[in-house]
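The values are calculated or read from the model by the stated rules, or taken from the named source; none is laboratory data. Keep in mind that what you see is a predicted model, and the values were worked out from it rather than measured. Note that we place each Cβ from the backbone using ideal geometry, even for glycine, and neighbour counts take in every protein chain shown. Side chains included, ligands, DNA and RNA excluded: accessible areas come from the protein's heavy atoms. Shrake-Rupley method; radii C 1.70, N 1.55, O 1.52, S 1.80 Å.
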Amino acid sequence: QVQLVESGGGLVQAGGSLRLSCAVSARTFSSYAMGWFRQAPGKEREFVAAITRSGGGTYYADSVKGRFTISRDNTKNTVYLQMNSLKPEDTAVYYCAATALVGLFTTLEKYNYWGQGTQVTVSD
């Protein structure tokens, strides 16, 4: 059983920063590629960033490229999303997800496990 718990969300002004964390309970965290997604009110859940099992590869949505950084610490079973230069349009519930597949994935159906989400609100 793999469980994911996000934390670090909150209210921040435009231009500010937040770091999200996702703690993963798994026997072998390094066996899972990870992703971050977000869902704004009235919109579909969308891809934000992904990272390979080792952390050596990353991929970002165009909307966050250059502002967000995904990383992982396999010794702490944790994946992070550093969010800088936040904009009001970044307001959403942010979810982390895990997949046993090898590679980088941007679509929801590739991920087997999901966290409960953490709210990020950016005020202008």
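Using the structure shown, decide if residue 124 is acidic (Asp, Glu), in contact with a strand residue (DSSP E or B) (Cβ under 9 Å, 6 or more places away or on another chain) and open to solvent by 40 Å² or more (accessible area, probe 1.4 Å).
On the way: acidic (Asp, Glu): yes; in contact with a strand residue (DSSP E or B) (Cβ under 9 Å, 6 or more places away or on another chain): yes; open to solvent by 40 Å² or more (accessible area, probe 1.4 Å): yes.
Against the criterion (acidic (Asp, Glu), in contact with a strand residue (DSSP E or B) (Cβ under 9 Å, 6 or more places away or on another chain) and open to solvent by 40 Å² or more (accessible area, probe 1.4 Å)), residue 124 qualifies.
For segment 53-73, state whether one or more residues are assigned to a helix (DSSP H, G or I) and either surrounded by fewer than 20 Cβ atoms within 10 Å (Cβ to Cβ) or touching a residue at least 24 places away in the same chain (Cβ under 8 Å) (or both). Lay out the reasoning, then the answer.
Taking segment 53-73 and keeping what is assigned to a helix (DSSP H, G or I), we get none.
Among the residues of segment 53-73, not one is assigned to a helix (DSSP H, G or I) and either surrounded by fewer than 20 Cβ atoms within 10 Å (Cβ to Cβ) or touching a residue at least 24 places away in the same chain (Cβ under 8 Å) (or both), which makes the answer no.
Say we look at segment 32-50 and pick out the residues that are among the small types (Gly, Ala, Ser) and in contact with a strand residue (DSSP E or B) (Cβ under 9 Å, 6 or more places away or on another chain); which of these is most open to solvent (accessible area, probe 1.4 Å)? Steps first, please.
So in segment 32-50, the residues among the small types (Gly, Ala, Ser) come out as 33, 35, 40, 42, 49-50.
Those left that are additionally in contact with a strand residue (DSSP E or B) (Cβ under 9 Å, 6 or more places away or on another chain): 33, 35, 40, 49-50.
On the way: 33: 1, 35: 1, 40: 26, 49: 0, 50: 1 Å².
Applying the filter and picking the extreme gives 40.
Could you look through segment 74-88, keep only residues that are in contact with a Cys (Cβ under 9 Å, 6 or more places away or on another chain) and not aliphatic (A, V, I, L, M), and pick out the one that is surrounded by the most Cβ atoms within 10 Å (Cβ to Cβ)? Talk me through it step by step, then tell me what you get.
Kept after step one, since they are in contact with a Cys (Cβ under 9 Å, 6 or more places away or on another chain), are these residues of segment 74-88: 78-81.
Filter once more, keeping what is not aliphatic (A, V, I, L, M): 78, 80.
On the way: 78: 18, 80: 20.
Here the answer is 80.
Residue-by-condition table, conditions (1) at pLDDT 95 or above; (2) under 11 Å from the mean Cα position of the chain (by Cα); (3) closer than 16 Å to residue 121 by Cβ:
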position: 1; (1), (2), (3): no, no, no
position: 9; (1), (2), (3): yes, no, yes
position: 60; (1), (2), (3): yes, yes, no
position: 94; (1), (2), (3): yes, yes, yes
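Can you pull out every residue in segment 104-121 that is open to solvent by less than 60 Å² (accessible area, probe 1.4 Å) and either assigned to a strand (DSSP E or B) or over 14 Å from residue 49 (Cβ atoms) (or both)?
Across segment 104-121, the qualifying residues are 115, 117, 118, 120, 121.
I need the full set of residues from segment 4-29 which are of a type in the set (S, T, N, Q) and either in contact with a helix residue (DSSP H, G or I) (Cβ under 6 Å, 6 or more places away or on another chain) or loosely packed, with under 13 Cβ neighbours inside 10 Å (or both), in order please.
Selection gives 13, 17, 25, 28.
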